[in-house]
Amino acid sequence: MTELDKDINKLKILISENEIKNKLKELAEKIEKEYPIDEELYVICVLKGSVIFCSDLVKHLKHLVKMEFIRISSYGNETKSSHNLQAIDLTLPNLENKNVLIVEDIIDTGLTARFLTDLFKIKHHPKKLMFVSLLNKKCARQTAIEPDLYGFEIDDKFVVGFGLDYKGYFRNLPYIAYFPE
Ligand code: 5GP
C-alpha cells in the first residue's frame, strides 16, 4: 500500500453499510413494480464499479434474472472524469423485445449513462429499458439525463467503496466513503 497517496485511515464514511442494505431492498421493491414478475429480466452490470451493487441488488429480485456484464472506463486512475469513455467490452446477447435494467454504480457527468441509454435503444431495441444507479451526483451533470431509479444523491465529491475505486483500491469496502480535503 506504500504507493497509495490516499490513506485508508483518513477515509470518512458517507453512507453506512446498513443504509446501503436498506436502500437495496427499497430499490428492489421499486424494480419489481416496474417489470412483470412473470417475465425474464436482463440485468446489465456495468463493470467494474457496479459489481458489488449489482450482485447485492439481484439477490432481492424475484424475477427470472439473466445477468450480463459490460465494461466501460471513464476515470482511469484519476478522481475526475476524463470524459474519455472507453468501451472495453460491450458484448451482449440479443435483447430485442426483452426487459432490460442497466445497473450503474454512480452517475456523475451523465456521459456514460447517456452513451449506454442511446446505445441500448438504437442497437438492442429492448421492450423496456430502465437505468438504476446506486449514487447520483446531480450537481456534476454535463448532459440532461437522470437515472430512472437511484439510491442516494451525493455532493460533488470523489467517493470510494461498495465497488467504487481509487486506482483500483477500496472497491471491497462495505460502505461509501470519501477523503476529506
Ligand atoms: P459519468 O460518465 O457519469 O461522468 O461517470 C460514470 C463513471 O465514472 C462511474 O461509473 C464511475 O466508474 C466513475 N465515477 C464517477 N464518480 C465517481 C466517484 O466519485 N468515485 C469513483 N470511484 N468513481 C466515480
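The values are calculated or read from the model by the stated rules, or taken from the named source; none is laboratory data. Fair warning: this is a prediction, and the values are worked out from it, not measured in the lab. When we count neighbours, we look across all protein chains shown, and the Cβ atoms used for this are built from the backbone with ideal geometry, even at glycine.
Brief remarks follow.
- Residue list for region 58-110, filter: over 18 Å from residue 120 (Cβ atoms), out of contact with any strand residue (DSSP E or B) (no Cβ under 8 Å at 6 or more places or on another chain) and at pLDDT 90 or above: 59, 60, 62, 108, 109
- Any hit, region 102-118, residues being among the polar types (S, T, N, Q), more than 10 Å from the ligand (Cβ to nearest atom) and closer than 28 Å to residue 35 by Cβ: yes
- Annotation: of all residues in region 49-69 being touching a residue at least 24 places away in the same chain (Cβ under 8 Å), among the β-branched types (Val, Ile, Thr) and in a helix (DSSP H, G or I), the one that is surrounded by the fewest Cβ atoms within 10 Å (Cβ to Cβ) is 51.
- Test: residue in region 143-151 that is among the polar types (S, T, N, Q), touching a Leu at 6+ places or on another chain (Cβ under 9 Å) and closer than 19 Å to residue 58 by Cα: no
- Set 50, 55: member being modelled with pLDDT of 95 or more, away from the ligand (no atom under 12 Å from the Cβ) and closer than 19 Å to residue 169 by Cα: 55
- Per-region count, region 168-181, residues more than 15 Å from residue 10 (Cβ to Cβ) and charged (D, E, K, R): 1
- Looking only at region 159-181, and only at residues there that are farther than 17 Å from residue 50 by Cβ and at pLDDT 95 or above, the one that is nearest to the ligand (Cβ to nearest atom): 178
- Residue satisfying condition, being buried (at least 20 other Cβ atoms within 10 Å of the Cβ), at positive phi and touching a residue at least 12 places away in the same chain (Cβ under 8 Å), within set 161, 151: 161
- Qualifying position, being assigned to a loop (DSSP other than H, G, I, E, B) and hydroxyl-bearing (Ser, Thr, Tyr), among 112, 117, 79: 79
- Check on residue 37, among the aliphatic types (A, V, I, L, M), out of contact with any Pro (no Cβ under 9 Å at 6 or more places or on another chain) and surrounded by fewer than 16 Cβ atoms within 10 Å (Cβ to Cβ): yes
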